[in-house]
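Student: Structure incoming, see below.
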Amino acid sequence: GEEVAQTPKHLVRGEGQKAKLYCAPIKGHSYVFWYQQVLKNEFKFLISFQNENVFDETGMPKERFSAKCLPNSPCSLEIQATKLEDSAVYFCASSLRDGRNTIYFGEGSWLTVV
Amino acid sequence: GDSVTQMEGPVTLSEEAFLTINCTYTATGYPSLFWYVQYPGEGLQLLLKATKADDKGSNKGFEATYRKETTSFHLEKGSVQVSDSAVYFCALTHIAGGYQKVTFGIGTKLQVIP
């Protein structure tokens, strides 16, 4: 597609429940990024992929967060046993292989943990 | 590491006023610079970009020039409208260790009053 598509747009989970978010990057883009936007607009980098390979996961809270980008499937970000502080907007983005190309963002998935 | 500094705001202007939102950065090498805009309740949209020194990005009346000597990428608009009310993020992308990352500023909230 011509835009980064994220689903669901809104998700509400009780504390301790699992949350799973999906992202379809722009067709032809081989880099995928996940960012978490928390209070006061701060963006936190979570993880990036080059195709299906994890490229950089330095931002991932590994004990509860996991992510995948499998061939012919949307990428996913999964949070096991959600906590209140996981409430945030999760943005997926994609770009072409050349690092100077623009990173395009999806509309975001609003996760609320209650 | 890379960093982006911008004023937090909020910046409140009357309609048709001149807008400047300052952005300065630190990065090694030659990053690409971007301004993204986030309207209330929506995702990130690319506003404009510049990929090398002295490039000027422009879109919807907004402009920013990549100034390597001052490491700046200030956003300007000659006459703002109420519909420009949003949060504006300065960002850079940079190849580090062979892969691409985005570094965001904290975002500047703009309020335009009629």
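Bear in mind that the values in this text are calculations on the coordinates, not laboratory data. All values derive from a computational prediction rather than experimental measurement. When we count neighbours, we look across all protein chains shown, and the Cβ atoms used for this are built from the backbone with ideal geometry, even at glycine.
Student: Between A:Val89, A:Val12, A:Val32, which gets the highest mean-square fluctuation from a Gaussian network model of chain A, Cα cutoff 10 Å?
Tutor: A:Val12
Student: Moving on. If one computes the Cα centroid of region A:56-114 and of region B:48-90, what distance in Å separates the two points?
Tutor: A separation of 27 Å, based on Cα centres.
Student: Count neighbours as other Cβ atoms within 10 Å of each site's Cβ, and list the GluC sites (Glu not before Pro) in region A:49-80 that are DSSP loop with at most 15 such neighbours.
Tutor: Values: sites: A:Glu52, A:Glu57, A:Glu63, A:Glu78; in loops: A:Glu52, A:Glu57, A:Glu63.
Answer in residue order: A:Glu52, A:Glu63.
Student: Report the Stokes-Einstein translational diffusion coefficient (µm² s⁻¹, integer) for chain B, Rh taken as the Kirkwood radius over Cα pairs, at 4 °C with viscosity 1.567 mPa s.
Tutor: On the way: Rh = 14.2 Å.
Roughly 91 µm²/s, to the nearest whole number.
Student: Per q in 0.24, 0.26, 0.28 Å⁻¹, report the Debye log10 I(q)/I(0) for region A:1-56, using one uniform scatterer on each alpha carbon and no solvent.
Tutor: -1.16, -1.20, -1.21
Student: Based on the Kirkwood radius over alpha-carbon pairs, what is the Stokes-Einstein translational diffusion coefficient of chain A at 25 °C with 0.890 mPa s viscosity, in µm²/s? The partial results should precede the final answer.
Tutor: Details: Rh = 14.0 Å.
The estimated diffusion coefficient comes to 175 µm²/s.
Student: How long are the semi-axes of the equivalent ellipsoid of the protein assembly as shown, defined as square roots of 5 times the Cα gyration tensor eigenvalues? Whole Å, largest first.
Tutor: Values: eigenvalues 174, 92, 45 Å².
In descending order the semi-axes read 30, 21, 15 Å.
Student: Relative contact order for chain A using alpha-carbon pairs under 8 Å, separation at least 6, rounded to a whole percent? Working shown, then result.
Tutor: Working: 284 pairs, mean separation 41.4, N = 114.
Across chain A, relative contact order equals 36 percent.
Student: Who wins for biggest fluctuation among B:Thr70, B:Thr51, B:Thr24 in a Gaussian network model of chain B, springs between alpha carbons below 10 Å?
Tutor: B:Thr70
Student: Let me ask something additional. With the contact rule set at Cα under 8 Å and sequence spacing of 6 or more, what percent relative contact order holds for chain B? Before the final figure, lay out each step's value.
Tutor: Values: 297 pairs, mean separation 41.3, N = 114.
Result for chain B is 36 percent.
Student: Another one. Out of B:Gly57, B:Val102, B:Leu13, whose Cα points farthest toward the positive end of the dipole of the protein assembly as shown (charges: +1 Lys, Arg; -1 Asp, Glu; placed on Cβ)?
Tutor: Ranked along the dipole, the leading option is B:Val102.
Student: Can you give the alpha-carbon Rg of region B:1-62 over 2.2 N^0.38 Å, where N counts its residues? Write down the numbers at each step before the final one.
Tutor: On the way: Rg = 13.4 Å, N = 62, 2.2 N^0.38 = 10.6 Å.
Cα Rg divided by the expected 2.2 N^0.38 Å: 1.27.
Student: Could you list, in their original order, any pairs among A:Lys9/A:Lys62; A:Lys27/B:Lys56; A:Lys18/B:Lys60 whose Cα atoms are separated by more than 31 Å? Display every interim value, and only then the final one.
Tutor: Working: A:Lys9/A:Lys62 24 Å; A:Lys27/B:Lys56 28 Å; A:Lys18/B:Lys60 41 Å.
The answer is A:Lys18/B:Lys60.
Student: Net charge near B:Gly78, counting Lys/Arg +1 and Asp/Glu -1 over other residues with Cβ under 13 Å of its Cβ?
Tutor: On the way: positive: B:Lys60, B:Lys77; negative: B:Glu15, B:Glu16, B:Glu63, B:Glu76, B:Asp84.
Overall, the nearby charge balance is -3.
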